[in-house]
Amino acid sequence: MIREVMWFIKKVQDAMKQIRLAELKQKIKEGIDSGESTPLNMREIIAKAKQRRQ
């Protein structure tokens, strides 16, 4: 009985790893497909954040 439970837990863990890996691959693909990156302008980002807080 314990051996069967341990086997089942291992199968669930393996399945969860595969799901997380697939999700990570999808996020990487979304990032690549989103286009060219642009330089961050931190002053602009901070200014916008301050405006939202007011």
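The values are calculated or read from the model by the stated rules, or taken from the named source; none is laboratory data. Just so it is clear, the model here is predicted, and its values are computed rather than measured. Because the Cβ atoms are built from the backbone with ideal geometry, glycine has one as well, and the counts that use them run over all protein chains shown.
Structural remarks
- Some residue of segment 28-37 being at pLDDT below 95 and either surrounded by 10 or more Cβ atoms within 10 Å (Cβ to Cβ) or more than 20 Å from the chain's Cα centre (by Cα) (or both): yes
- Here is the figure for the chain: residues that are in a helix (DSSP H, G or I) and of a type in the set (S, T, N, Q) total 4.
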